[in-house]
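Enquirer: Structure below; questions to follow.
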Amino acid sequence: MENLDLLMHGFGVAITPLHLLLMVAGVLLGLVVGVLPGLGAPNGVSLLIPLTFSLDPTAAIILLSSMYWGALFGGSTTSILFNIPGEPSSVATTFDGYPMARSGQSTRALTLAFMSAGIGALIGVIVITLLAGWASRFALRFGAPEYFAVYFLAFAAFIGMGSASATKTVVSLTAGLLLASVGMDNVTGEVRLTFGFSDLLGGISFLVVVIGLFGIGELLATVQEGLHFRGVSSRIDLRDMLRTIAELPRYWATTVRSGLVGIWMGITPGGPTAASFMSYGIARQASRKGAAFGTGRPEGIVAPETADHSAGTCAMLPMLALGVPSSATAAVMMGGLMIWGLTPGPMLFATKPDFVWGLIASMYVSNIVGVILVLLTVPMFAALLRVPFSIIGPMIVAICFVGGYTVSSATFDLWVVLVFGLVGYLLTRLDYPLAPLVLAMVLGHKAENAFFQSMVLSDGSLSVFCETALCSAIMAIGLALLVVPKLLQLVARLRHRGAVGQESH
């Protein structure tokens with residue numbers, strides 16, 4: 001009941017002419033980001049952060065979160081109409097979305113995707129509303145050892161549960177921690193890893209690195225792969241749309257199951273991409289017509305879209321309540337909050353309730369705005385994709401460099417954007433995940449400070465992480481997430497080899 005009262009107050013904060021205008025603008029910008037390959041939600045949000053410095057934090061985060069929803073919607077548009085996922089999390093939507101559109105049912109495919117996405121996001125926001133107060137109160141029990149245990153849990157979950165190999169994830173995390181260590185140590189005051197460059201004394205800007213990794217890096221990968229847009233009709237038929245909306249209740253089981261998968265993968269560091277693939281696989285196994293998946297089955301669109309948006313929304317909960325982002329975009333948003341002088345965590349709910357509940361209320365409104373706008377603007381964005389990439393590509397490069405320079409008006413940052421663009425391209429080509437690197441850059445200082453404070457409390461003894469039941473439990477979960485998934489994979493491989501060996505005999 002308390003959360004409901006706070007949510008009603010949040011609607012009073014969110015529903016103002018300025019905030020509604022920012023929601024519309026954010027969703028439209030997000031649609032552009034999602035539609036154009038080479039951008040993406042993390043890069044779009046990071047490029048927009050410097051432009052929000054003149055806004056108050058509530059207005060700024062509403063704009064950024066609205067852009068995030070729009071980017072997720074935009075990625076679905078290109079997946080269905082052009083078989084080109086604008087977002088990594090939209091890849092699974094291409095499996096059945098594009099075949100359905102090719103068969104002349106583009107309106108049905110788009111409506112299934114957007115309505116499922118809206119329902120998934122709504123499920124995620126309801127979960128945040130119900131659990132936000134409890135999560136923040138629970139986090140008040142945390143001291144330095146508990147916070148370090150949570151950061152360890154986040155790192156361990158990325159290693160154990162990530163889709164990339166554990167070795168590559170560790171390399172990515174280590175690189176992020178090293179980048180977070182550049183500059184003056186805020187504990188001892190010593191200068192670290194500057195190699196004589198005075199420009200590095202203040203550290204490497206998290207925002208500039210993200211712009212290079214996700215902007216220039218993704219663009220270089222896109223250029224190498226080549227783009228050939230082969231679209232289908234994007235005309236929206238109102239009668240087909242209404243028929244499809246009436247058809248949705250048939251797939252309630254798929255929607256509920258995929259929503260639960262999205263909730264779990266959003267709160268843990270699985271992320272929207274893993275959630276969409278997992279829910280698609282589960283839907284295929286659960287369906288009586290699983291063999292027909294890939295030919296335009298409605299469940300093949302409903303499942304990934306519901307899970308994708310549910311996970312993307314739920315990723316905001318650990319970021320706000322614990323200060324631990326579980327996705328690359330949440331990490332970028334957390335970096336923005338810290339730039340604005342706000343520290344995500346339990347005290348944020350106590351000291352800035354207008355900000356937190358205004359943001360949660362805006363998620364409800366911007367979700368509705370997103371569904372409406374995306375249906376109205378599909379033909380326009382389909383036409384945008386027909387613009388030659390030789391024109392769009394240079395525009396993306398210009399936006400990246402302008403955004404990088406805007407952060408601190410330093411020419412050195414332009415070189416950082418370029419260098420990390422090349423690094424991002426190489427990591428992508430070699431299948432090294434970027435999200436752990438971003439997470440480590442955001443949490444590096446926090447983890448280091450928590451570990452230092454824990455060592456001071458215990459006179460240098462690691463036993464401090466086992467002294468309380470809460471800290472011990474978190475560390476144990478972290479170790480389990482680090483080890484158990486890899487053991488299960490090893491057991492599965494050994495069984496497969498055994499089965500192959502028996503067949504050969």
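Enquirer: Can you give me the long-range amide H partners of Val182? Hydrogens built in the peptide plane at 1.01 Å from N, cutoff under 5 Å, separation of 5 or more residues or another chain.
Expert: Distant-sequence amide H within range of Val182: Ile204.
Enquirer: Please rank Phe355, Phe73, Phe420, fewest neighbouring Cβ atoms within 10 Å first, as an exposure proxy. Write down the numbers at each step before the final one.
Expert: On the way: Phe355 22, Phe73 33, Phe420 25.
Listing Phe355, Phe73, Phe420 from fewest to most nearby Cβ atoms yields Phe355, Phe420, Phe73.
Enquirer: Okay, moving on. Obtain the nm distance between the two label points defined at Gln285 and Asp431 by a simple spin-label model: each point lies 7 Å from its Cα along the Cα-to-C-beta direction.
Expert: 2.2
Enquirer: Could you work out how far apart the two model spin labels at Thr16 and Arg250 are, taking each label as a point 7 Å from the Cα in the direction of the beta carbon, and quote it in nm?
Expert: 4.7
Enquirer: Next question. Let's test the formula: R0 of 25 Å, r as the Cβ-Cβ distance of Val456 and Val191. What FRET efficiency results, to the nearest 0.05? The partial results should precede the final answer.
Expert: Details: r = 22 Å, r/R0 = 0.88.
With R0 = 25 Å, the Cβ-Cβ based efficiency is 0.70.
Enquirer: Once you place label points 7 Å from the Cα toward the Cβ at Val170 and Ala25, how far apart are they in nm?
Expert: According to this spin-label approximation, the distance is 4.7 nm.
Enquirer: Once you list every other residue whose beta carbon is under 11 Å from the beta carbon of Lys289, what net charge do they have if Lys and Arg are +1 and Asp and Glu are -1?
Expert: Details: positive: Arg284, Arg288, Arg297; negative: Glu299.
Taking every other residue near Lys289 into account, the sum is +2.
Enquirer: So, R0 is 25 Å and r is the distance between the beta-carbons of Gln224 and Leu418; what FRET efficiency does that work out to, to 0.05? Each step should come with its number before you reach the end.
Expert: Details: r = 17 Å, r/R0 = 0.68.
It comes out at approximately 0.90.
Enquirer: Which order do peptides 110-121, 450-461, 190-201 fall in by mean Cβ count within 10 Å, highest first? Don't skip to the end; give the middle numbers.
Expert: Working: 110-121: 27.2, 450-461: 15.2, 190-201: 11.2.
Ranked by mean Cβ neighbours within 10 Å, highest first: 110-121, 450-461, 190-201.
Enquirer: Now for a separate question. If we count other beta carbons within 10 Å of each Cβ, what is the order of Cys400, Cys466, fewest first? Don't skip to the end; give the middle numbers.
Expert: Details: Cys400 28, Cys466 14.
In increasing order of surrounding Cβ atoms, one gets Cys466, Cys400.
Enquirer: For a quick check: with amide H placed at 1.01 Å from N, whose amide H comes under 5 Å from Lys352's, ignoring anything fewer than 5 positions away on the same chain?
Expert: none
Enquirer: Along the stretch 238-243, what does the Karplus equation 6.51 cos²θ - 1.76 cosθ + 1.60 (θ = phi - 60°) give for ³J(HN,Hα), rounded to whole Hz, x for Gly and Pro?
Expert: Rounded to whole hertz, the list is 4, 5, 4, 5, 5, 5.
Enquirer: Give, as a single signed number, the net charge of other residues whose beta carbon lies under 15 Å from the beta carbon of Leu427, with Lys and Arg counted +1 and Asp and Glu -1. Intermediate results must be reported in sequence, preceding the final value.
Expert: On the way: positive: Lys168, Arg429; negative: Glu218, Asp431.
Charge balance near Leu427 sits at 0.
Enquirer: Residue by residue through the stretch 441-458, which ³J(HN,Hα) values in whole Hz follow from phi under the Karplus form 6.51 cos²θ - 1.76 cosθ + 1.60 (θ = phi - 60°), with glycine and proline marked x?
Expert: 5, 6, 8, x, 4, 4, 5, 5, 5, 5, 5, 4, 5, 5, 5, 5, 5, 9
Enquirer: Now, a different point. Need the full-extension length gain, Leu376 to Thr351, defined as separation in residues times 0.36 nm minus the C-alpha distance. One decimal, nm. Mind showing how you got there, number by number?
Expert: Numbers: separation 25, 0.36 × 25 = 9.00 nm, distance 3.94 nm.
Between Leu376 and Thr351, full extension yields 5.1 nm more.
Enquirer: Could you work out the percent of alpha carbon pairs in the stretch 2-500 separated by over 33 Å, rounded to a whole number? List each step's numbers first, then the result.
Expert: Values: 45623 of 124251 pairs.
Pairs farther apart than 33 Å: 37 percent.
Enquirer: Mind giving me the FRET efficiency for Ile399 and Leu487? R0 is 35 Å, r the Cβ-Cβ distance, nearest 0.05 is fine. Don't skip to the end; give the middle numbers.
Expert: Working: r = 45 Å, r/R0 = 1.28.
That gives a FRET efficiency of 0.20.
Throughout, read-outs are computed from the coordinates displayed, never taken from laboratory work. Just so it is clear, the model here is predicted, and its values are computed rather than measured. Using ideal geometry, Cβ is built from the backbone for each residue, glycine included, and neighbour counts are taken over all protein chains shown.
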